[in-house]
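> Take a look at the following structure, please.
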Amino acid sequence: MQNIDVLDRQILEVLSSDVKKSYAEMAKMFNVSTGTIHIRIEKLRQAGVIQEMTIKLDERKLGFDVCSFIGITLKRAKDYGGVIKQLESIDEVIEAYYTTGTYGIFIKVMTHSMEELHQVLTRKIQAIDEIQSTETLVSMQNPIRRNIKI
């Protein structure tokens, strides 16, 4: 979608920081009608710019104290689709990327403890036959966490 104007950008910026902001509040902020906000958001949804309206959770407050990134080397490039399907069934895998370079797949995993990470890695991820090897990086903290600047 190439014709995103100033109002669209303002709406996206507000929703990126506060998904609960009402249409009426945004209309007042931008000096337009509530109907205009509704139409613009619907247009952005239909264009695929807005894919879903979600909330951000603080994983640590929910007991998920270990964030790790795991680089996966596949046995064969053609195994990608099957491995992704199997990774989708592992609840602790919260993101996956198809990458260039050393790894074919790079995933983000959240667990409650290092012991749980070890179990997920050895019993679930490394148990996938099409995976040749993995490398795990544990995140110490997440000092920058934001949506893209629109």
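> Tell me, yes or no, whether segment 75-97 has at least one residue that is under 30 Å from ASP5 (Cβ atoms) and among the small types (Gly, Ala, Ser).
Scanning segment 75-97 turns up no residue that is under 30 Å from ASP5 (Cβ atoms) and among the small types (Gly, Ala, Ser).
> Could you please find all residues in segment 110-141 being over 24 Å from LYS78 (Cβ atoms) and free of Cβ contacts under 8 Å to residues at least 40 places away in the same chain?
Matches in segment 110-141: GLU115, HIS118, GLN119, VAL120, THR122, ARG123, MET140, GLN141.
> Here's a follow-up. Just need a number here: residues in segment 110-139 that are assigned to a loop (DSSP other than H, G, I, E, B) and not charged (D, E, K, R).
5
> Tell me, which residue of segment 21-62 that is more than 19 Å from the chain's Cα centre (by Cα) and assigned to a loop (DSSP other than H, G, I, E, B) is surrounded by the most Cβ atoms within 10 Å (Cβ to Cβ)?
VAL32
> Right, here's the next one. Looking at segment 124-150 only, could you name the residues that are charged (D, E, K, R) and not assigned by TED's automatic domain parsing to the domain that holds ASP79?
If the condition is that a residue be charged (D, E, K, R) and not assigned by TED's automatic domain parsing to the domain that holds ASP79, then ARG145, ARG146, LYS149 are the ones that fit.
> May I pose another question? Considering each residue of segment 66-84, count those that are over 14 Å from THR100 (Cα atoms) and part of a helix (DSSP H, G or I), and give that number.
Within segment 66-84, residues that are over 14 Å from THR100 (Cα atoms) and part of a helix (DSSP H, G or I) number 6.
> Select from segment 49-104 the residues that are touching a residue at least 24 places away in the same chain (Cβ under 8 Å), in contact with a helix residue (DSSP H, G or I) (Cβ under 9 Å, 6 or more places away or on another chain) and over 27 Å from SER133 (Cα atoms) and list them in ascending order.
Matches in segment 49-104: VAL49, ILE50, MET53.
> Identify, from the list ILE150, ILE144, ILE107, the residue that is of a type in the set (Val, Ile, Thr), over 11 Å from THR73 (Cα atoms), part of a loop (DSSP other than H, G, I, E, B) and touching a residue at least 24 places away in the same chain (Cβ under 8 Å).
None of the others qualify; the one that does is ILE150.
> Here is a follow-up. Which residue is nearest to ILE84 (Cα to Cα), if the candidates are limited to segment 98-115 and must be among the small types (Gly, Ala, Ser) and at pLDDT 95 or above?
The residue in question is GLY104.
> Suppose we keep only residues that are of a type in the set (A, V, I, L, M, F, W, C) and within 20 Å of GLY63 (Cβ to Cβ) within segment 108-137. Which one would you say is surrounded by the fewest Cβ atoms within 10 Å (Cβ to Cβ)?
MET114
> With (1) out of contact with any strand residue (DSSP E or B) (no Cβ under 9 Å at 6 or more places or on another chain); (2) surrounded by fewer than 11 Cβ atoms within 10 Å (Cβ to Cβ); (3) at pLDDT 95 or above as the list, and PRO143 as the residue in question, which single condition is left unmet?
The one condition PRO143 does not meet is (3).
> Hey, another quick one. Considering only residues that are assigned to a helix (DSSP H, G or I) and within 21 Å of the chain's Cα centre (by Cα), look in segment 10-20 and name the one that is surrounded by the fewest Cβ atoms within 10 Å (Cβ to Cβ).
Here the answer is SER17.
The values are calculated or read from the model by the stated rules, or taken from the named source; none is laboratory data. What you are looking at is a predicted structure, and each value in this text was computed from that prediction instead of being measured. For neighbour counting, all protein chains shown are included, and Cβ atoms are generated from backbone atoms with ideal geometry for every residue, glycine included.
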